[in-house]
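Everything on this sheet refers to the single structure shown next.
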Amino acid sequence: MRLTGIETIIPGDGSPLPEIVFVRVHTDQGIVGHGETYYTPRAVAAYIHEFLAPKILTLGSASPEAVWELGYRTASRFGGRGLELRALSAIDVALWDALAVSVGLPLHVVLGGPSVDRVPVYNTCAGPSYGKSWKIGGGATGAGRFEDYDAFLQRPGELARELVAEGFAGMKIWPFDRFAHRAGAQHIAPEDLRAGLEPFEKIREAVGSQIEIMAEGHGLWSLPAAKKIARALEPFQPAWIEDLIVADNPDALAELKRSTTIPLLVSEYLMSRFEYSPIIERGIADQVMIDPTWCGGITESRRIVALADAKRLPVTFHDCTGPFTLLAGVHLGFSSPNASYQEVVRAYLSEVYPQFVDDLPKPGRGAYVPPTRPGLGAVLQTDVVDRPGVEVQLTGKR
Ligand SMILES: [Mg+2]
């Protein structure tokens, strides 16, 4: 199978996924693979069409490993671990999808799975318009069916009972973010700390230990403030603390880990095995979070999974972004012996992703079972490219 074209599709500002760029790879067998990456979609598309696609297409090969190596080595001479790696991630996921479709097998089977018969899910408590109006330190409110951001702040006990009844293994909340703009997030005031703890208290009051609570910080805080938050959270025994500080300094993360009994998750903000490696090797993470459409695609995610497994660390797959990111994570989960969770946003599963893809496996009672359709198991709905405001660009040919 040879690669003939690389296409980008940006749903656009008026769509429910304004920050997504979908990528389709076209092959000489007529097989089309799907991928995507999240945020700055036009910059990603420009990089793909001006720089990456023309180089990759000269290879002719649709081999994910060959394309990855060329794409990474070319970009790494100029830094290459930000937007460049996200662009390569989207193409890599699409190439793996095409490969699996070409042999008629679900992607996780091509990757050697299933190694587990279920991958548990937790609900990230965002509403359906979270991706649309996401901003640092905030949530997004709207009038959708699952306004879980409003719910975890205003009626956390009720939300927890609902999620337990639906079978979710965990719920992720970020009640401290609201206060991070004060004092530049350098310290947290006692009243803000108390207010941030309230949802944790109410959840434990309502459902006890029937659900795990994940504490998210979106990289907003200084190290001293993060240590204070972590210490205050200890009585509620969250499953982990996540990105209370930006994950760019292994020593700072190590100090945060030493300061608390709560397990430390690190982090979908890391790009490529070269950033994960020191964190894993030095024993700084208790749990490794991977975003397959940021860190380098399926190809690079597998290497990070193996690094983590060598240290007996569980891995969780990030999704708060788009349907192909979710599907990539689900398939990686089933091919990873150390998979612990797939992150989902139930509002996206029910209200947003079905507007774009033809099928979406839904988790059953708190867990996914192995998907059975070939490849990632979904394609873009045929009319997506014709919708108003959608931007389509192709290098090469279909
Ligand atoms: Mg996160």
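The values are calculated or read from the model by the stated rules, or taken from the named source; none is laboratory data. A quick note: this is a predicted structure, and the numbers were derived from the prediction, not measured. Cβ atoms come from the backbone with ideal geometry, glycine included; neighbour counts cover every protein chain shown.
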**Prompt:** If only one of A247, A232 is more than 22 Å from W294 (Cα to Cα) and aliphatic (A, V, I, L, M), which one is it?
**Reply:** A232
**Request:** Just give me the residues in region 313-339 being closer than 18 Å to D97 by Cβ and assigned to a loop (DSSP other than H, G, I, E, B), in sequence order.
**Result:** D319, T321, G322, S335, S336
**Prompt:** Of the residues that make up region 208-220, is at least one over 23 Å from Q342 (Cβ atoms), buried (at least 18 other Cβ atoms within 10 Å of the Cβ) and within 16 Å of the ligand (Cβ to nearest atom)?
**Reply:** yes
**Prompt:** Can F334 be described as within 16 Å of the ligand (Cβ to nearest atom) and in contact with a helix residue (DSSP H, G or I) (Cβ under 6 Å, 6 or more places away or on another chain)?
**Reply:** no
**Request:** Name every residue in region 10-35 that is over 14 Å from G375 (Cβ atoms) and charged (D, E, K, R), in order of residue number.
**Result:** D13, E19, D28
**Prompt:** Does region 72-80 include one or more residues that are in contact (Cβ under 8 Å) with a residue 24 or more places away in the chain, surrounded by fewer than 17 Cβ atoms within 10 Å (Cβ to Cβ) and farther than 17 Å from D383 by Cα?
**Reply:** no
**Message:** Need pairs with beta-carbon distance below 7 Å; first residue touching a residue at least 40 places away in the same chain (Cβ under 8 Å) and within region 253-265, second assigned to a helix (DSSP H, G or I); sequence gap 6+ or separate chains.
**Reply:** I262/A230; I262/L233; I262/E234
**Prompt:** Which one of these is at pLDDT 95 or above and touching a Lys or Arg at 6+ places or on another chain (Cβ under 6 Å): E234, E216?
**Reply:** E216
**Message:** With away from the ligand (no atom under 16 Å from the Cβ), in contact (Cβ under 8 Å) with a residue 12 or more places away in the chain and under 26 Å from V23 (Cα atoms) as the only criterion, which of D319, D358 stands out?
**Reply:** D358
**Request:** Out of I229, I173, report the one residue that is within 16 Å of the ligand (Cβ to nearest atom), among the β-branched types (V, I, T) and under 15 Å from K257 (Cα atoms).
**Result:** I229
